[in-house]
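Novice: Dropping a structure here in structure tokens format, bear with me for questions.
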Amino acid sequence: MRKVDFIITTDRSMMTNHRGKEFLGFMTTSPPIGMPENLWRWIAAPKVPVDEWGRPRQAPYGLRKIEAALQDAGFSAEVIDPDYVKKYITAAKAVLIGHHDYFALNSPSIEYWMLTGKEPLNRKSFLSFIETVAYYKRKYNPKLKIVVGGPAAWQWLYSPTYLEKFMVDTIVEGEADRVIVDLARAIAEGRKTPRYILVGPRDVPGLDEIPVIKGASVNGLIEIMRGCPRGCSFCSVTYKAIRYYPLSKIEAELKVNTSNGVKGGVLHSDDVPLYGARGVTPNVDALERLHRLVKRYYRDFTWSHAALATILYGEERFKLLSRLADLILDENQEYMGFQTGIETGSKRLARRIMPGKSAPYPPEDWPEVVVEAFKLLHEKLFIPAGTIILGLPGETPDDVVKTIELVEELRPYRSLIVPMFFVPLGSLRGEGWFKPIKMTIEHAELLREVMRHTAYWSKDIISRVYMKGIKYTPAKILLIRFISRVEKIAEAIKPEDILYHVENVTGRQAITMTA
């Protein structure tokens, strides 16, 4: 077997392209519901093709960035499929692992876990994988370093028992493009490495230090910018400096993906319509150049995230969404999907914890901004998946009622709404977690309304515009049957039934988190 000094990898819930449909990736954040686990895995997390050495044809974008940074620095480093990792461990210097949700502490994993009392698939998958890595280190290569990082690196700080059990040597939290090279050099030279690396403002890579990926990313995802100017208290992205990738850098990664057979993709940033912006004012020329470029390479694509205020303000001032829709939607692409943050329908909470989210509109206009943006998106065939947060610090029953009323107002507009329990990140990192034991009848009513909304529109979206083509037919049939079942439950269930179930589950299986 070939020797690779630095193995870059993750478990199967991440090392998959979800059948080319990012939406299906959300199934890995849930325990299997209504079907056997193997079937659930088959739909949501199929294995990706690999070459003879176990190198995946597509890999998570973050892992590709680490691979590129280390290769550019002259190290022997490759992304390796989890099924092949054990073949390399005995001769490797380090295993570098990334993940979006190691222990199911992020949303929506934590909600599914708390509400059902069953471990989500991503948690089970990762624990099985890291157990194997630790076993091979213990038995065959005690000098091997295990390094963990990625967006969910913070979860290891809440899981000290796992740090010891799985013999993790170093946690890297934050943008690792620059620091990973110094860490790899220390490992290669046999020097002692730090247990925890927090990438602060002085260590954040500049544009010229962010490498271009060498291999194809999962579903053609490429980054177009980093950072966000809105400053929401619950978000860790606010700590990142804003950097816009030049079109030449974006085109280089488009070429990598398309040369490897990728025909569509995802544009990633925390607010795609702010690419090239001046503050929170969209730069229409920059956005049109960006989307024309992407359309030259990708047949169809989606955004990862977009802010509702950016969309509404851009349309009112520049007809932005209309102009982008003319560029994006064509015979190859019927719709555009993306994730966005609703978070709350309470004007009081909006003013307190996310005053910049509605900018340039005042925080007091936030509910109206959400409704008007959803109406516009519905008309243009842009489909948002909006998140709401239960248990924000200082939340009152009236705040929850305001959010229920907002969800009811959004019912006519094609969208998904995903509930999230508050997780202490960003400047609210010292606050307490929201747990089911704190759930009120108002929270239960909100969950019911969200379930009704999402079940109704999921069925419409899957039937009309998502997963077209005969190859998706088996998975599509199973999903529609599952959603129809959820829809019936949502229409029949009462808030007090939800509250009773949550209290019962919580009593049987408490989820504890120790800082």
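Novice: Counting other C-beta atoms within 10 Å, which of THR10, THR170, THR132 has the fewest, and how do the rest follow?
Specialist: Details: THR10 29, THR170 20, THR132 15.
With the sparsest Cβ surroundings first, the list reads THR132, THR170, THR10.
Novice: Straight-line reach from LYS438: which aspartates and glutamates fall under 14 Å, measuring Cα to Cα and dropping same-chain residues less than 8 apart?
Specialist: GLU111, GLU395, GLU503
Novice: Sticking with this structure for a sec: Between ARG348 and ILE489, what is 0.36 nm times their sequence separation minus the Cα-Cα distance? Round to one decimal in nm.
Specialist: That works out to 47.5 nm of additional length.
Novice: Still on this model: With the cut-off at 1.5 for a/c, could you classify the range 108-205 from its C-alpha gyration tensor as rounded, prolate or oblate? The partial results should precede the final answer.
Specialist: Details: a/c = 2.74, a/b = 1.34, b/c = 2.04.
Oblate shape, in that a/c is at least 1.5 and b/c is the bigger or equal ratio.
Novice: Skipping prolines and chain starts, which residues have an amide H placed within reach, meaning under 5 Å, of the one on ILE417, given they are 5 or more residues away or on another chain?
Specialist: Amide H to amide H, under 5 Å and 5 or more residues apart or across chains, ILE417 pairs with GLY386, THR454.
Novice: Continuing with the same structure: Using a Förster distance of 51 angstrom, determine the FRET efficiency expected from the C-beta separation of TYR140 and ASP208, and round it to 0.05.
Specialist: With R0 = 51 Å, the Cβ-Cβ based efficiency is 0.80.
Novice: Using the Cα centre as the reference, give the magnitude of the dipole from point charges on the C-beta atoms of the range 6-203 (Lys, Arg: +1; Asp, Glu: -1; all else neutral), rounded to the nearest 20 debye.
Specialist: Working: 27 positive and 22 negative charges, 103 e Å.
Value, rounded to 20: 500 debye.
Novice: Please give the net charge around SER30, taking every other residue with its beta carbon less than 12 angstrom from that of SER30, where Lys and Arg add +1 and Asp and Glu add -1.
Specialist: On the way: positive: ARG41, LYS118, ARG123, LYS124; negative: GLU37, ASP101, GLU111, GLU119.
Residues near SER30 contribute 0 overall.
Novice: Which of the peptides 329-341, 117-129 is most tightly packed, and how do the rest follow, judged by the mean count of other Cβ atoms within 10 Å per residue?
Specialist: On the way: 329-341: 17.3, 117-129: 21.1.
Packing proxy ranking, top to bottom: 117-129, 329-341.
Novice: Where the convex hull is taken over the Cα atoms of the range 219-434, what is its projected area averaged over directions, in nm²? Please report the intermediate quantities before stating the final value.
Specialist: Working: hull surface 46.2 nm².
One quarter of the hull surface, i.e. the mean projection, equals 11.5 nm².
Novice: Name the long-range amide H neighbours of GLU223: under 5 Å, sequence gap of 5 or more, or other chain; modelled H, no Pro or chain starts.
Specialist: Here the answer is HIS268, since their amide H atoms fall under 5 Å of that of GLU223.
Novice: Fewest Cβ neighbours within 10 Å first, please rank VAL133, VAL486 accordingly. All intermediate terms of the calculation are to be shown ahead of the outcome.
Specialist: Working: VAL133 23, VAL486 19.
Listed from fewest to most nearby Cβ atoms, that is VAL486, VAL133.
Novice: Sticking with this one: Arranged from highest to lowest average of other beta-carbon atoms within 10 Å per residue, in what order do the peptides 354-360, 162-168 appear?
Specialist: Details: 354-360: 20.0, 162-168: 16.1.
Sorting 354-360, 162-168 by mean packing, highest first, produces 354-360, 162-168.
Novice: Another question, then. On a C-alpha basis, how far is the centre of the range 437-491 from the centre of the range 144-199 in Å? Whole number, if you could?
Specialist: 38
Novice: Count the net charge of all other residues whose Cβ sits under 12 Å from the Cβ of GLU491, scoring Lys and Arg as +1 and Asp and Glu as -1.
Specialist: Summing Lys/Arg as +1 and Asp/Glu as -1 gives +3.
Novice: Let me make sure I get this right: for the range 289-355, a, b and c are the square roots of the gyration tensor eigenvalues over alpha carbons, sorted descending. Under 1.5 in a/c it's rounded, otherwise prolate if a/b > b/c, else oblate. Which is it?
Specialist: Values: a/c = 3.04, a/b = 2.17, b/c = 1.40.
Judged from the Cα gyration tensor, the range 289-355 comes out prolate (a/c at least 1.5, a/b above b/c).
Novice: Among residues other than GLY149 whose Cβ falls under 14 Å from its Cβ, what is the net charge (Lys/Arg +1, Asp/Glu -1)? Display every interim value, and only then the final one.
Specialist: Details: positive: ARG64, LYS65, LYS145, ARG178, ARG195; negative: GLU67, ASP101, ASP169, GLU173, GLU175, ASP177, ASP182, ASP203.
Summing Lys and Arg as +1 and Asp and Glu as -1 gives -3.
Novice: So for the chain: antiparallel DSSP bridges make up what percent, rounded to the nearest 5?
Specialist: On the way: 5 of 44 bridges.
Antiparallel bridges make up about 10 percent of those DSSP assigns within the chain.
Novice: Quick one: which of LYS263/LYS319; LYS124/LYS145; LYS145/LYS214; LYS319/LYS494 span more than 32 angstrom between C-alpha atoms?
Specialist: Numbers: LYS263/LYS319 29 Å; LYS124/LYS145 23 Å; LYS145/LYS214 24 Å; LYS319/LYS494 42 Å.
With Cα atoms farther than 32 Å apart: LYS319/LYS494.
Novice: What is the range 1-115 by shape, rounded, prolate or oblate, if you read a ≥ b ≥ c off the alpha carbon gyration tensor as root eigenvalues and call it rounded for a/c under 1.5, prolate for a/b larger than b/c, and oblate otherwise? Write out the running numbers ahead of the final one.
Specialist: Details: a/c = 2.27, a/b = 1.89, b/c = 1.20.
Prolate, since a/c reaches 1.5 and a/b exceeds b/c.
Novice: Another question, then. Please arrange PHE374, PHE422 by counting, for each residue, the other beta carbons lying within 10 Å of its beta carbon, fewest first.
Specialist: Details: PHE374 27, PHE422 22.
So the residues, fewest neighbours to most, are PHE422, PHE374.
Novice: Which helices pass in the chain if a helix is a full DSSP H run, must span at least 24 angstrom along its long axis by Cα, and must have mean Kyte-Doolittle hydropathy not below -1.0?
Specialist: Values: long enough: 121-140 (29 Å, -0.51); 441-464 (35 Å, -0.48); 473-492 (29 Å, 0.56).
The qualifying helices are 121-140, 441-464, 473-492.
No value in this document is a laboratory result; all are computed from the given coordinates. Note that the coordinates shown come from a computational prediction; the quantities given were computed from them, not determined experimentally. Cβ: placed from backbone, ideal geometry, glycine included. Neighbour counts: every protein chain shown.
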